Amino acid sequence: MKKYLIIFASMASLAACTKNIDSYNDQTKAASSAPPATLFSNAVRNLADVLTSSNVNTNIFRLTEQHWTTTTYTDEPNFDIYTRNIPQTWWTNLYRDVLADLKECKRLLPTSTGATPGAKANQNAMADIMQVYTYSVLVNTFGNVPYTKALDYDNLFPAYDDAKTIYDDLFTRLDADIAALNTAEKGFDASQDVVYGGNVSSWIKFANSLKMRMAMTVADVNAAKAKSAVEAADTKAFGSAVDNAVFKYFAITPNNNPIWTDLVQSKRQDFIAANLLVDKLNALSDPRLPNYFKPNDSKVYVGGTPGATNTFSLFAKANDKITAMDFPGMLLDYVEIEFYRAEAIERGFSVAGTAAAHYNNAITASILYWGGTTTDATLYLANPAVAYATAAGTWKQKIGTQKWIALYNRGYETWTERRRLDFPVLPAPAAPKGDYPNRFTYPSNEQNLNNQHYAEAAKAIGGDKASTKVFWDVN
Amino acid sequence: MRKQLSMLLCIAMLSISSFAQTRQVSGQIKDEKGQPIPYATIKLKGAKGATSADQNGNFKIEVTGAKPSLLVTAAGFDASELAVGENGSVGVVLKSQSSMNEVVVTALGIKRNKNVLPYAAQQISGDQVSATRSNNFVTSLSGKISGLEVRQGNAMGASTNVVIRGAKSFLSSNQALFVIDGVPVDNSNNNSANKSTTTSNDQTSGRGGYDYGNAAADINPDDIESITVLKGAASTALYGSRAANGVVMITTKKSKRGLGIVVNTGVTVGKIDKSTFTKYQKEYGAGYQQGGYSTTASGSPNTSFWWKDAFGTGSNSLIVPTTEDASYGARFDPNLMVYHWDSFDSTSAFYKKQKPWVGADNDPVSFYETAIATNNSVFVDGGNDQASFKMGYTRTDERGVLPNSRLLKNLLNFGATYKVNDKLTLAGNINFSKIDGRGRYGTGYSKYNVNQAFRQWWETNVDVQELKDAYNRTGQNITWNWADPTKPSGLYPIYTDNPYFIRNKNYETDSRYRYFGNASVNYNVNSWLNVLGRVSLDSYDELEEERIAVGSVAVPSYSRFNRTFREFNYDLMASVNKDLNPSLNLKAVAGMNLRRNYVNSIYAITNGGLVVPDLYFLGNSVSPISAPTESDDKIFVDGYYANATLTYKELLSLDVSGRYDHSSTLPANNNTYFYPSISGSFNFSKLLPNATWLSSGKLRANYAEVGNSAPFSKLKDVYDKPTVFGNATLFSLPNTKNNPNLKPERTKSAEIGLEMAFFQNRFGLDVTYYDTKSVDQIFPVAVSTATGYSNKYVNAGTIRNRGVELSVFATPIKTKDFSWTINLNFTSNRNKVLALYDSSKNLQINQSSLQGGVSINATLGEPYGTIQGKTWNRYQPTGEKLVGANGYYSITSTTNNVIGNINPDWIGGIYNTFKYKNLSLGFLIDVRKGGDVFSLDLYYGMATGLYPETVGNNDLGNPKRAPLASGGGLIVPGVTADGKANTKRVDNTSYGYYGYVYNPAAAFVYDASYVKLRELNFTYSFPQSLISKTKVFKGIDLSVIGRNLWIIHKNLPYSDPEENLSAGNVQGYQSGAYPTTRSLGVNLKMKF
C-alpha cells in the first residue's frame, strides 16, 4: 500500500508546481508601456502614408482629379469607391492609426519621464496640431464625423458632430496650440520629430500655415472667420520652401515611400498620366512636365483617357523621381500658402503683397521644387496663358488651374482645393459608375455598427451620398 | 524471450488438445425476449472453421475436447461464450447490442451502458473511419454521425471543419474538442492566418497563404477502436469549458490476449472531377475588349491586338496583348497569324514566329496531375493475464494533383499496461508523429494559388502544356503575362507567374513533430471504489517555411514560423460503482483536472527581397529584417468536478454533475465559475416485456450549462511595435482594446431524445431535439473605428441553436448469405443571433476584408453566417430587378444587404452495406441541402469572359460578342423605372457584362446543396478454408475504395460547393477554389 501512495504522491507533486495561476495571464512578448514620443512618430508616419499613398484601396484622388488614370482596372477613375470599401480604409487609417496614437501620446505625456514640463507642453501642442490637421482631413472628406465623442473606448458607437462646429473648435485648439508653443523649450527629440527634427520654431510656422489652410477652406461660408484667421497667421506662416512640412521616407523597406511599393516594387502597370493634365502641361510648355512624367515608349508625352482601358506603353507615366523609394511625402508646403495669400488678397483680406506676386511665388516655388530653374519659372510666367494678368478667367479659375497643376501628386489636397475653387472643370470619365465624389460616403462599418448615429449624420448632411457637398463647398 | 517461449508452448498445447474425441451438440439461439436469432455464427473455441444457425436459430456443431466451449456471434448482438455441458443440447441467449446494450465511452473515458445513458452519444467503430484509408480520419466522419457537420476543403492535407450542433461562438473556434482515451488533444488550425500580423498573408480572408491542416489528423487511424461523439453540454460538462462545442471521443485499441498482427497496404490514385473546375469558352482570346488596343491612326489591321514593332525590325505586327488577363479580345481565327507570348521566349521553337490565332489545345485542366497516395501500416498487439502491449505504425505518402506537392505522414504509437496485482494497474501510451509537407496548395486570391489565374484572370489562348515546356526548358519564370514583350525590360510577368514556376519555386515546406500520450495508475481500493491518477502530455513542434523565388511577380521572400505547443493534464479521479440495493445502483465520480497550456511561436520574414536567388534563410534578406513576431501564451485551468448517477433497475436513471473551474485568463475577482448539469433517462421498454416487436425503448432529457473563460491575455493592454522608422522608435496602440472586466461566458443547453429499436434490432431510431443558447460571450466586438480601435473585448451577445438529429438503422434483408443494412443520419440545425453588443446590428466574422465586397456576418435576428454584399435594386411594385437608363442593372451602393446564409437547411448521410458471403459492398451518400456560397471565381471569371456563358448567340441569333451595330449585344432581363420590361440592348464586346462590373455580388451567391457519393468500399474477405491452409494468415481482406467518386447533384457551376478556404468560421466563400479529387484505391489487409 505504501508503494501506491508513493506513486500517487509523486504524480500529485507534478501537478502542484503552480500555486497562484492568476499571475500567468500577462503578455510577455509585447510592451505594456511606451514613451509618448514613439506614438507621436508613429501617428505622423501613418498620416504621411495615407496622404502619400497611391494605393487604390485608400487614396484614389490622383485618379478622380485626373492627374493620373488607370490602364486595365478602371473602377476608381470611374468613381467606384465602394467595391474596394475605400471610405472605410481612409476613415480607419485616420481615426485608428493616427488620431488614437496622438491621443495616447498626449495621455502619456504628463506621467512620462525625461522631458522638462516646458518640453512636455510643446510636445502636447505638437500632438494636438497633428490631431487638428487630421480632423480637418476627416471633415473635408466626409462632412459630419464623430469628434467630441470620438476616441473613447467606453463609447463604442459615438455620435457625429456637425462639421462646421468641429471646424470652429479646431480653430480654437489651433490657436491654443500656437500660444502654447515656446521656442525657449525643446520639443520632441530630433529623431522622434519626423517632420521638423525637434525645431519648435518650424512647428509655429506649420501651425500658422495650417490655420491659413483651414481658414481658406471655410472662406466661402465664413468669410469673417477666414479673414481674421488668415490675417493673424499670414506673417507667421511659411515664408519659403525651407519651411515645408516634409515627411522624409527612406530608401529601404518598409520605410520607403508607399508610391514606390505600388508602382515599382509591385512591377504593375496600373497608372498612367491622364490626358487633361498632360494636355494642359503640353499646351503651356510647362517646365514641370518632364519632372512630373516620363514619356511613352515613343518618347512623347501623351495622357490616357480617364475611365477607359489604356495601353501602358502608349502613355506617359509618373516620373522616376516620384517613384523613388525615398521620394518625400508632403503635409503642407510654401506653394499652397502662397496660393492662399494670392487668394486672400482677391477676397479682400489684409495680406501683404499683391495677388499676382504671391501667384508668381507659388508657381516659381513649385517649379523649383520639381527640379526646374528660376529661368524656367520666369519664362513660364511670361506665357500669357499663365501670367496672372492675362490668364483666362476669374481669379478662381486662374488660381484653381495653376493650383491643380502645382498640387500634382498630392491627390487629397488637389481634390479639396478643386472642390473649393471649382477649377479646372473635369470632363466625365469614360464609363462613370457613380457620381463624382463631392465627399466620401460613410464607411460600411458605420452603417452596420453605429447605425443610429450614422442615420442621424446622413440626415443632417442631406443624405449619405457621394454627391452631397461638404459644408464649405457651397458653389 | 522466456515469455515468448511459453507463449509458443501454449499455442502448441492448444493444437495438441484438438486431437481429442468429437461429439455433436445442437441448440437454438434466441434473444433476450425469446425470439429466435437467425444465421448466427457458432465456432468451437480453439478450433478452425465455424457453422451457421438456420433461419430459426437452430444449429448443430461438432465439438471436441474435455471442456469445449462455443463462441456465438451474430450481427447486432454481443458475442457470447458458453461452456458445453454433458448433454448434447444447449440454449443460447444473446444480448442485443446494436443500440441499447452497447457500451459507450463517455466523458473522461467513463464507460456507460447505452440503455441508461441520459444524453445523446453516437458511436461508430474505428473500422468505419479507417476502412477508407483516408490520411485524415476526420474527413471520414462526414455523414456518419447526426449533429456533426464536417466540411473539407479540396486542397491536399486541408483542414477539416468539424462543428457539432451549429456555431455557438461569434468569433472563437466552433470546432469540436478531440479527446483520445480520455485526454484532450490539440486540434489547432495552423494556417497562415494564425501566425502573421500582416493581413496580406491572411489565409482565412482569402488573401492567400496555405492551409496547414489540423492537428487532429495526427492520430493513427488504425489505432482507433471506436469514436463516440458527445453532442450536448450535458454529455460534455465534465470536460469543462473547452468542450462547449461538443467532443469527438476517440478510444484506441485494447490489446487482446495472444499475439495479433494486422498489416494494411494500399495505394490510391486520384484525378480531378472536371465538373468542379472551370470550363473554358473556345471562341475568343486575350483582351479586355475587342478593338481599342491600337489607335486607328497606327494602321493596325486588327485593333484587338497590339500593333507594335515586335523585334526592332522597324515594322509593326500583330501581337497578343499579353498584359490583358482576360478573354474578351479578338475572335479566334485560324487564318490570322499573330505573335504569341512564346514568340518572345528565345528558348521556344516559336521564337520570333507567328502562330495562328486559336484557342489553346491544353487548357488549365491539363495542369492537374494524377494524385498518388500509398498507405502502409502494421499493427501488433499482444498480452497475457498480467501485461499487454500494442504497437502501431502507419505511413502515408501522398502526392497531390498539383505538381511538386507531397504530404508524408509517419505515425507511430505504443501502449502498454501492466497489472501489478488485482488492485493496481499501470498503463502508459505514447504516440509519435512526424508530418512533412511540401508544396501544399496556395489558397485564395493570391499568387500562391494557380487557380486565381485559371479561374478568374486568364487568356483562353494560352496552352498550359506550352507553359510547362517553357518552365522545364529554362527553370525561369517564362510566362504568358509579359509586361511588355516588345522590349527586353518588359520581359517579366506583370500579374501572373508561370503556374509551373509557382509550384516548383514558390513552394512551402512544413514539418510537425508531435508526441502525445499519458501514464496512468489505476487502483481498485475495493470492489466498488477505484482511483485513477493520470498525467498526460500533448506536445508538438512545428516549422512552416514559405518562399517566393527571385523572378516572381511578388516581392521575393522567405518566412519561417516556429511554434511549440505543450499541454499537460493532471487528473485525479475517484469513481464509485456500487449497488446500493438489488435494484438501485450508484455510479459516482469525483475528481480534479489541472490543465497547463503553453504555446509559443516566432515568425520572421525577410525584408525587401532576397539577395541570392534560391537561397532561403533570413540572412539572405535585401534589407535588415524587422523584429520577428513572438508569442508566449499560457493558459491554466484548475477544474474540480463531481458526478453521480443513480440507476433504478435499469429502468430509470438520474445523473447530476457539477464542475468548478478556476481559470488564469479571467480577472482575479471573477475567475472561478461553477456549472451544473442534470439528466435523466427512462428505459420504458423494460415495462413492456411482452411487446416482442419492441427490442428497446428509452426516453431521455437533460439540461446543462457550461462556463467558459477568456483567451490568453485579454485583460490588460499592450502596445504594438512597428519597425523602427529611421532613428525613430515607434509604438502604436493595438487595434483591439482589451477589457479588465471580463466575466465567464456561458452556454445553456437542453435536450430531449428518444431511442427505440424494433423487431430484434432489425430497425431502430434515435431522435433528439436540442436547444442551446450561448450567452455573455467573450469576444472582440467590432466597434466604430472612430473610437480609435477596430474591436473591443466584451461579454456580449447570444446565439441560439435549435435542431433535430435523427439516426436510423435498418436491416431490410438478412438471410444466411446475404444482408443489407442501412444507417441513416439526418441533422437540421437552425441558429439565430438573438443579441449583439449595444446598438450594433451586425458583427463581421471575417476579420480582414474579403475580395468582392462581401462579408460573412453575425447579423441580429438572422442565422449566424449571413453573406452580405451589394444586391439588385428592385422595382418596388413587383420586386423585379431594376434596370437603369444605361441598360445595366441598378445596384445598391450599400454593402450590408443580406444576400445569403452559409447554414444548410439540413445535412444527412446514408450508408448502405450489402454483404454476400465473403463479399461486402458499402457506400455512403452524403447530402447537404441548402446554404449558400459566394463564388469570387465566377464574380471575376464571368467578367473576364472565361466561361462558356459569355459566348454563343444572343436572342437575335447573332454572336453575343458581336458589336451592337452587327446585331450583337444583350438585353439585361429586368424592368426599367416605369415597370416595363427592359428593351435596351447593351454591348458585350468588352469585359464585364456577365461578371462583377455590371452585376452585384448577390448574382454570384449560389445554393451550396450537394448530393455526393462520398465513399465506396468493396471488400472481399478470403474464405477461412483458404486462409487456414496458409498457416500464416488469420484473415485477408482485399478492398477497393473510392472517395468522392461522383457528385450526383449540385447547383454551383464549375466548382465543388463544399470547397472552402480553411476550417474556421468564415465559410460560404470561394476564391481560387480547388477541384474535387476523385480517388480510387486498393487495400490489402492481412491478419496474422
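Laboratory data are not the source of any read-out in this text; all were calculated from the coordinates shown. Source: prediction; values computed, not measured. So basically every Cβ, Gly included, is an ideal-geometry build from the backbone, and we count neighbours across all protein chains shown.
For the reader, a short list of remarks on this structure follows.
- For residue B:63, distant residues with modelled amide H under 5 Å away: B:23, B:24, B:25
- Here the Karplus curve 6.51 cos²θ - 1.76 cosθ + 1.60, taken at θ = phi - 60°, turns the phi angles of the range A:77-82 into couplings of x, 8, 6, 8, 9, 8 Hz, with x standing for Gly and Pro.
- Calculated SAXS-style log₁₀ I(q)/I(0) at q = 0.12, 0.18, 0.27 Å⁻¹ - the range B:464-527, Debye, Cα scatterers: -0.48, -0.74, -1.14
- Cα convex hull of chain A, projected area averaged across orientations, nm²: 29.3 nm²
- Ordered from longest to shortest, the equivalent ellipsoid semi-axes for the range B:782-880 are 43, 21, 14 Å, each the square root of 5 times a Cα gyration tensor eigenvalue.
- Expressed in Å, the radius of gyration and Dmax of the Cα atoms of the range B:203-286 are 22.1, 71.
- Residue exposure sequence - B:23, A:45 - by fewest surrounding Cβ within 10 Å: B:23, A:45
- Its alpha carbons considered, the range B:917-1035 gives a radius of gyration followed by a Dmax of 27.3, 88 Å.
- Note that the range B:638-694 carries a Kirkwood radius of 14.2 Å, evaluated over its alpha carbons pair by pair.
- Extension reserve of the residue B:765-residue B:83 stretch, reckoned as 0.36 nm per residue once the Cα distance is removed: 242.0 nm
- The range B:685-696 - phi-based ³J(HN,Hα) in whole Hz, Karplus 6.51/-1.76/1.60, Gly and Pro as x: 5, 5, 7, 10, x, 8, 7, 5, 6, 9, 7, 6
- Extents of chain B, largest first, come to 112, 70, 66 Å (Cα atoms, principal axes, whole angstrom).
- Here the Karplus relation 6.51 cos²θ - 1.76 cosθ + 1.60, evaluated at θ = phi - 60°, turns the backbone of the range B:398-406 into coupling constants of 10, 10, x, 7, 9, x, 6, 10, 8 Hz, with x for every Gly and Pro.
- Taking 37 °C and 0.692 mPa s as conditions, the range A:225-356 diffuses translationally at an estimated 189 µm²/s according to Stokes-Einstein applied to its Kirkwood radius (Cα pairs).
- The range B:292-367: antiparallel DSSP beta bridges as a percent of all, rounded to 5: 90 percent
- Here is the tail figure for the range A:82-170: Cα pairs spaced more than 15 Å apart come to 63 percent of all pairs.
- For the range A:393-470, the fraction of alpha-carbon pairs in successive 5 Å shells from zero, as %: 3, 14, 18, 18, 17, 13, 10, 5, 2, 0
- Two-site FRET efficiency, residue B:618 against residue B:513, from Cβ-Cβ distance with R₀ of 30 Å, rounded to 0.05: 0.90
- DSSP-loop chymotrypsin sites (Phe, Trp or Tyr not before Pro) across the range B:582-656, with at most 16 other Cβ within 10 angstrom: B:617
- Cα-Cα pairs of the range A:335-475 separated by more than 26 Å (percent): 38 percent
- With 0.36 nm allotted per residue and the present C-alpha distance subtracted, the residue B:632-residue B:35 stretch has 208.6 nm of extension available.
- Sorted fewest first by neighbouring Cβ atoms within 10 angstrom, B:73, A:261, B:460 come out as B:73, A:261, B:460.
- Three-way shape label, the range B:885-973, alpha-carbon gyration tensor, a/c 1.5: oblate
- Backbone N within the range A:416-451 under 19 Å of label point (7 Å from residue A:397 Cα along the Cβ vector): A:418-428
- All Cα pairs of the protein assembly as shown, percent lying beyond 64 Å: 22 percent
- Once the C-beta distance of residue A:224 and residue A:154 is scaled by a Förster radius of 45 Å, the resulting FRET efficiency is 0.75 to the nearest 0.05.
- Estimated [θ] at 222 nm from DSSP helical runs (n ≥ 4, -39500 (n - 2.57)) normalised by residues in chain B, nearest 500: -1500 deg cm²/dmol
- Equivalent-ellipsoid semi-axes of the range A:153-201, from the Cα gyration tensor, Å, largest first: 30, 17, 9
- The range B:236-382 - convex hull of the alpha-carbon atoms, volume per residue in Å³: 246 Å³
- Relative contact order of the range B:1027-1088: 51 percent, from C-alpha pairs under 8 Å at least 6 residues apart in sequence.
- Efficiency of FRET between residue B:839 and residue B:798 - r from beta-carbon atoms, R0 22 angstrom, step 0.05: 0.90
- Volume in Å³ per residue [convex hull over Cα atoms, computed for the range A:431-475]: 72 Å³
- Ranking of B:341, B:906, A:68 by neighbouring Cβ atoms within 10 Å, starting from the fewest: B:906, B:341, A:68.
- Summarising the label geometry, the points placed 7 Å from Cα in the beta-carbon direction at residue B:404 and residue B:254 lie 5.1 nm from one another.
- Stokes-Einstein D for the range A:284-343, Kirkwood Rh over Cα pairs, 10 °C, 1.306 mPa s (µm²/s): 114 µm²/s
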